[in-house]
Amino acid sequence: MSVLFTPLDIGPVRAPNRLAIAPMCQYSANDGCASDWHLHQVMSYAMSGAGVVTLEATGVLREGRISLGCLGLYSDECEYALARVLQAARAVAMADTKFSIQLCHAGRKGSTHKNWDGGAPLKAHESAWRTSAPSAIPFGDNWHVPEEMSEDDIQRTIAAFAQAAARAARIGFDMVELHAAHGYLIHQFHSPISNKRTDAWGGDAQKRLRFPMAVAEAVRAATPAHMAVGARITGTDFLEGGLTVEDGVEMARGFKA
């Protein structure tokens, strides 16, 4: 038998095979709540035979979403809608299929149009919201300038990740993945390109890792031992003065610990 179709242990979770469906944004939620589109989409993934099905980047705060159409897990309404989707998906999946959800905060990359509408920042008349980030540095030219997060903002966001993880556990997910890559908030704190803070949350490599590790610790504490907790990370920024492969290794070691 091919190794591809043999079980794989991911922390405390045993996946029935090594096929996994990665998280892919659907831009089809209603104020963060999963819609009938998600019901169809996740059920179809569940019937694919993949051992692990991971749902899209899911905002832990309303203002942590990427776009107005992005999934969220920041309210009872979001939790109820997603529970409906997962229950239906499990009904048609292989008995041992594992379901995972990727928790995310977009930071300075939030408040955008849906991808198929260009993905550009929303304008004020388009229901834009104020974004936040480690430092008041825009993502790119013609992007909004985010507000530098205060200590209260940081603690509130860490708590939001934990609360979203607890909701995922109540819904019945087997795994939680932290989105610590692709320029979103956790990556923004880790990268010297986007984190220019001079307090305890920025500066040298260890201080820039403090927020990612605080989120990981809070999420692990909020989830039962039978759930796996993982992360998607960026191995390198591919920019001079940015994160290197060695930084990615240190982040992975920190998450493992």
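The values are calculated or read from the model by the stated rules, or taken from the named source; none is laboratory data. Everything numeric here is computed off the predicted structure, so don't read it as measured data. Counting neighbours? That spans all protein chains shown, and the Cβs are built from the backbone with ideal geometry, glycine included. Just so you know, the surface numbers come from the protein's heavy atoms only, side chains and all, with ligands and any DNA or RNA stripped out. Shrake-Rupley method; radii C 1.70, N 1.55, O 1.52, S 1.80 Å.
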Principal axes of region 151-257: Cα extent on each, largest first, Å: 42, 29, 21
Those lysines that a straight Cα-Cα span of less than 19 Å connects to Lys98, excepting residues fewer than 8 apart in one chain: none
Per residue solvent-accessible surface (Å²) - the chain, probe of 1.4 Å: 46 Å²
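Take each of the peptides 179-185, 30-36, 44-50, average the number of other beta-carbon atoms within 10 Å over its residues, and list them starting from the highest.
Descending mean neighbour count gives 179-185, 30-36, 44-50.
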Backbone N within region 128-147 under 15 Å of label point (7 Å from Asp117 Cα along the Cβ vector): 128-129
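Relative contact order of region 1-54: what whole-number percent is it, with Cα pairs under 8 angstrom and at least 6 residues apart? Each step should come with its number before you reach the end.
Values: 57 pairs, mean separation 20.0, N = 54.
Relative contact order, region 1-54: 37 percent.
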Fraction of accessible area attributable to carbon and sulfur, the chain (%, probe 1.4 Å): 54 percent
Volume in Å³ per residue [convex hull over Cα atoms, computed for region 38-174]: 118 Å³
Those lysines that a straight Cα-Cα span of less than 18 Å connects to Lys123, excepting residues fewer than 8 apart in one chain: Lys109, Lys114
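Obtain the radius of gyration and the Kirkwood radius of the chain from its C-alpha atoms and give Rg over Rh.
Working: Rg = 17.9 Å, Rh = 18.6 Å.
When Rh is taken as the Kirkwood radius, the ratio is 0.96.
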